[in-house]
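S.K.: Here it is, the structure in full.
The values are calculated or read from the model by the stated rules, or taken from the named source; none is laboratory data. As the structure is a computational prediction, the values presented were derived from the model and not from experiment. Don't worry about glycine lacking a Cβ; one is built from the backbone with ideal geometry, like all the others, and counts go over all protein chains shown.
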Amino acid sequence: MSEGHLVLEALAKTYPGKDGAAVRGVDLTVERGRMLAVLGPSGCGKSTTLRMIAGLVEPTAGRIRVDGRDLTDVPVHRRDMGVVFQSYALFPHLDVARNVAFGLEMRGTPKAELRRRVDEALDLVRLGHLAGRRIAQLSGGQQQRVALARALVVKPAVLLLDEPLSNLDAQLRSAMRDEIVRIQRETGVTTVFVTHDQQEALSMADGVAVMNQGRIEQTGTPEDIYERPERPFVARFVGRANLLDGTVSGVEADTVAVALPGLGTVRAAGGPVTAGAATTVMLRPHRIALTGAAPGSGAVRGTVLSAGYAGETVAYRVRVGDAGPVLDVERPTGAHASYGPGAEVELSWDPDAPRLVAAEEGTE
Ligand code: ADP
Ligand code: MG
């Protein structure tokens, strides 16, 4: 296994006077030049983790290494990290160039070099023409770029971004997604960004670590996380999912047969599991097809409870059988027939659509 550029080992934080830990033993590895997204709901410990990496919060336990060097006890200004905070934390009374120059001034960088590097950083974020502007005269997207330039001007070993897009409106957010990816590729800086937005994490990052209640639930490529979630929390948090509890009734080489109450036996990929074990099957709503019910066809039958038009798609709630589970089904509008409440339908899916997600330990 290759040694990562940034490595967290059993990193933990309990804030004084607070019940329960904010971060409970996080292990993470980020390869050099890669961008890792830490994705999780509000309050799960993302900012605390990022701040521990930056040196702004002291860990209760665990180690932080960059290039094999233990930085856990190294003070913040000697860690060689660039940080962009959710609020940007810019100096409102200074102009753009002075904001960006700040880190270099702190390091006593000679004037000529400082000017050259500030220009370079402003060019990188495409703000060269606004060097003399005051922060208050900038839009949210421009402030975001200043914050990025300020973090990058010192050529940090690691770039840390805390919900970098959450203060921008929807349109700007998608433009800045592309910008951050471009800037990260151009600089090749090892990057960790935290977000609660699954679209952002999946579309921007090379790797995603899904965090819940202070722990990492799963780490993988965006595709791993979405297509092959290993736990119900991940399946539910990253995209929409029907989660059906059942019992393993047979195990074969590639698939597992699972008896689902009220629905029947479904073949699912994933595992490993043993016959007789309790398990959960995930079916993404968009992987379920609906057709009009044909009498006596033996397919899974259901009744439409509701149909919600949403432009590109229709979101259905469908009750399986008379008293079976209610499934979310999402169908594209247009070429597909649509069904109203009370319609009798058949549900079908491709063989690779159902996935096993291991039964969860503990309570949820
Ligand atoms: P996230 O960034 O994922 O929303 P945080 O890391 O900010 O989560 O917070 C994780 C938990 O730690 C929350 O329960 C939060 O209330 C708590 N917490 C965060 N910062 C502090 C602090 N400075 N003092 C005490 N508790 C904190
Ligand atoms: Mg946060």
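S.K.: Select from region 155-206 the residues that are closer than 18 Å to P41 by Cβ and among the acidic types (D, E) and write down the one among them that is farthest from the chain's Cα centre (by Cα).
M.R.: So, considering only residues that are closer than 18 Å to P41 by Cβ and among the acidic types (D, E), the one farthest from the chain's Cα centre (by Cα) is D162.
S.K.: Return the only residue of A275, A170, A269 being in contact with an Asp or Glu (Cβ under 9 Å, 6 or more places away or on another chain) and at pLDDT below 95. Talk me through it step by step, then tell me what you get.
M.R.: Numbers: A275 fails: in contact with an Asp or Glu (Cβ under 9 Å, 6 or more places away or on another chain); A170 fails: in contact with an Asp or Glu (Cβ under 9 Å, 6 or more places away or on another chain).
None of the other options fit; the residue is A269.
S.K.: Scan region 29-37 and tell me whether some residue there is assigned by TED's automatic domain parsing to the domain that holds R182, crowded, with 22+ Cβ neighbours inside 10 Å and within 10 Å of ligand 1 (Cβ to nearest atom).
M.R.: no
S.K.: Taking region 161-175, which residues are away from ligand 2 (no atom under 12 Å from the Cβ) and outside any helix (DSSP H, G or I)?
M.R.: Taking region 161-175 first, the residues away from ligand 2 (no atom under 12 Å from the Cβ) are 165, 167-175.
Of everything in region 161-175, those that are away from ligand 2 (no atom under 12 Å from the Cβ) and outside any helix (DSSP H, G or I) turn out to be L165, N167, L168, D169.
S.K.: Please specify each residue of region 17-28 satisfying the condition of being more than 8 Å from ligand 1 (Cβ to nearest atom) and free of Cβ contacts under 8 Å to residues at least 40 places away in the same chain. Reasoning before the result, please.
M.R.: Initially, region 17-28 is screened for residues more than 8 Å from ligand 1 (Cβ to nearest atom), giving 19, 21, 24-28.
Selection gives D19 alone.
S.K.: Which of the residues that make up region 38-51 are basic (K, R) and buried (at least 23 other Cβ atoms within 10 Å of the Cβ)?
M.R.: Start the filter on region 38-51 by keeping residues that are basic (K, R), which leaves 46, 51.
Across region 38-51, the qualifying residue is only K46.
S.K.: Next up: So, in region 75-105, of the ones that are over 18 Å from R51 (Cβ atoms) and part of a loop (DSSP other than H, G, I, E, B), which residue ends up nearest to the chain's Cα centre (by Cα)? Step through it out loud before you land on a result.
M.R.: Within region 75-105, the first condition is being over 18 Å from R51 (Cβ atoms), and the residues that meet it are 90-102, 104-105.
Filter once more, so that each one left must be part of a loop (DSSP other than H, G, I, E, B): 90-94.
Values: L90: 26, F91: 30, P92: 31, H93: 35, L94: 34 Å.
The selected residue is L90.
S.K.: Which residues, taken from region 135-170, are in contact (Cβ under 8 Å) with a residue 40 or more places away in the chain and loosely packed, with under 15 Cβ neighbours inside 10 Å?
M.R.: Across region 135-170, the qualifying residues are A136, S166.
Yes/no per residue for (1) surrounded by fewer than 21 Cβ atoms within 10 Å (Cβ to Cβ); (2) in the same structural domain as E163 (by TED's automatic domain parsing); (3) in a strand (DSSP E or B):
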{"position": "A209", "(1), (2), (3)": "no, yes, yes"}
{"position": "E217", "(1), (2), (3)": "no, yes, yes"}
{"position": "T265", "(1), (2), (3)": "yes, no, yes"}
{"position": "A268", "(1), (2), (3)": "no, no, yes"}
{"position": "G276", "(1), (2), (3)": "yes, no, no"}
{"position": "M282", "(1), (2), (3)": "no, no, yes"}
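S.K.: With (1) more than 14 Å from N242 (Cα to Cα); (2) among the hydrophobic types (A, V, I, L, M, F, W, C); (3) part of a loop (DSSP other than H, G, I, E, B) as the list, and A353 as the residue in question, which single condition is left unmet?
M.R.: All conditions pass for A353, except number (1).
S.K.: Another question about this same structure. Examine region 39-58 for a residue that is touching a strand residue (DSSP E or B) at 6+ places or on another chain (Cβ under 9 Å), away from ligand 2 (no atom under 16 Å from the Cβ) and of a type in the set (D, E, K, R), and state whether such a residue exists. Let's see the steps before the verdict.
M.R.: Looking only at region 39-58, we keep the residues that are touching a strand residue (DSSP E or B) at 6+ places or on another chain (Cβ under 9 Å), and these are 39-41, 44-58.
Restricting the remaining residues to those that are away from ligand 2 (no atom under 16 Å from the Cβ) gives 55, 58.
Those still in the list that are of a type in the set (D, E, K, R) too: 58.
Among the residues of region 39-58, at least one is touching a strand residue (DSSP E or B) at 6+ places or on another chain (Cβ under 9 Å), away from ligand 2 (no atom under 16 Å from the Cβ) and of a type in the set (D, E, K, R), which makes the answer yes.
S.K.: Quick check on my filter: what residues within region 52-78 are touching a residue at least 40 places away in the same chain (Cβ under 8 Å) and buried (at least 16 other Cβ atoms within 10 Å of the Cβ)?
M.R.: M52, I53, A54, V57, P59, T60, G62, I64, R65, V66
S.K.: Residues in region 249-263 that are in contact with a strand residue (DSSP E or B) (Cβ under 9 Å, 6 or more places away or on another chain) and either surrounded by 20 or more Cβ atoms within 10 Å (Cβ to Cβ) or not in a strand (DSSP E or B) (or both): how many? Show your work before the answer.
M.R.: So in region 249-263, the residues in contact with a strand residue (DSSP E or B) (Cβ under 9 Å, 6 or more places away or on another chain) come out as 249-252, 254-263.
Then keep just the ones that are either surrounded by 20 or more Cβ atoms within 10 Å (Cβ to Cβ) or not in a strand (DSSP E or B) (or both); that gives 252, 254, 256, 258, 260-263.
Selection size over region 249-263: 8.
S.K.: On to the next question. Suppose we filter R116, R173, R185 for residues that are within 16 Å of A37 (Cβ to Cβ) and loosely packed, with under 15 Cβ neighbours inside 10 Å; which single one remains?
M.R.: R185
S.K.: Farther than 29 Å from R185 by Cβ and either more than 16 Å from ligand 1 (Cβ to nearest atom) or assigned by TED's automatic domain parsing to the domain that holds V154 (or both): which single residue out of P59, P41 fits that description? Can you show your working first?
M.R.: Details: P41 fails: farther than 29 Å from R185 by Cβ.
Among P59, P41, only P59 is farther than 29 Å from R185 by Cβ and either more than 16 Å from ligand 1 (Cβ to nearest atom) or assigned by TED's automatic domain parsing to the domain that holds V154 (or both).
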